[in-house]
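Here the structure comes first, spelled out in structure tokens, and everything after it is commentary.
Taken together, the values in this text are just the output of simple stated rules run on the coordinates, not laboratory data. Source: prediction; values computed, not measured. Backbone-built Cβ (ideal geometry, glycine too); neighbour counts: all protein chains shown.
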């Protein structure tokens, strides 16, 4: 194919040269050129020499140089409002590369945002999501900054010789940075920021493990990672709405759970799902059987392990409390997935952990997409 040929490499690198020519200098002995060539020929020779030189460099030499200026890494309490503002800015700044939509509304009327990155007509899709558990909200900021990095380098970045533009043209990424915005709001600010009076009244009566900072459930007291229709309520730790552990009256009652299921079901060729959680610096993965599906699942998990250094944990036969998204992906969707547990301290993680987590995870999306390219 042309996109893998030497000529395509020359074409790409020449484009990069023209884009960044203001920052590149090449010393050429002008005396040997100016004797017979005019000024225009000298320019052509310089461009040709530089383009040939650039052909010797991998495309990765240009990748990921811009971090972007929209998503703040200094914000120590990255909230739903911060995320909403930044998502809209990203969609406005990079309209040709993104699409922003709401998958629905929470009980307290917050939008469940999903940002598409890449070609909406791509034949393959992956989903990346964070903050299904409220107190794990630092992962939203990490995922948002990862997303901005890709968008800021969309035309110049590359992985393993494939430009981001080519990669995300073939494999589109759907990013849900905050699955549980009501719960995040409770964890960050307490129940005073819940707008609905009836919800606030019920929240006051719910059992909670420690302070509101430790809240995991949504504003209805349902643990979203116990509410998926797979081994649902296999082990009930809570029988009533609470800060964590309550699976609901039945499976998939919550708007947030329904939104994720609906998003997955509308994907014609969903290849994988990446779920960000905290804590432990672990990578949970699993797949039934011993054939290709398990091999594919392990390939994804192994890549994340090599990238982050986090320890692998095969949870295929560990049903836990049931109703978790991972169990749903194993038994119902039969998809490769990873549950990446960031951080090594109790949640909510301190903001000082951000840089280390971001550094280890910033290339996960491109590497996941590349597996299915």
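Here are a few things to note about the model shown:
- Footprinting exposure proxy ranking of 220, 44, fewest other C-beta atoms within 10 angstrom first, gives 44, 220.
- Shape category assigned to the stretch 217-373 from the gyration tensor of Cα positions, a/c cut at 1.5: oblate
- Residues 368, 237, ranked from the fewest to the most other C-beta atoms within 10 Å, line up as 237, 368.
- The separation of the stretch 319-340 from the stretch 256-271, counted between C-alpha centres, amounts to 14 Å.
- A Förster distance of 56 Å, applied to the separation of the beta-carbon atoms of residue 197 and residue 319, puts the FRET efficiency at 0.90.
- Cα-based convex hull, the stretch 201-256, per residue volume (Å³, whole number): 76 Å³
- Sequence of 115, 199 once ranked by neighbouring C-beta atoms within 10 Å, starting from the fewest: 199, 115
- Our analysis of the stretch 136-275 gives Rg over Rh at 1.06, with the two radii drawn from alpha carbon positions and Rh computed by the Kirkwood formula.
- Prolate/oblate/rounded call for the stretch 130-170, Cα gyration tensor, a/c under 1.5 rounded: prolate
- Gyration tensor verdict on the stretch 169-247 (Cα atoms; rounded if a/c is under 1.5, prolate if a/b is larger than b/c, oblate otherwise): oblate
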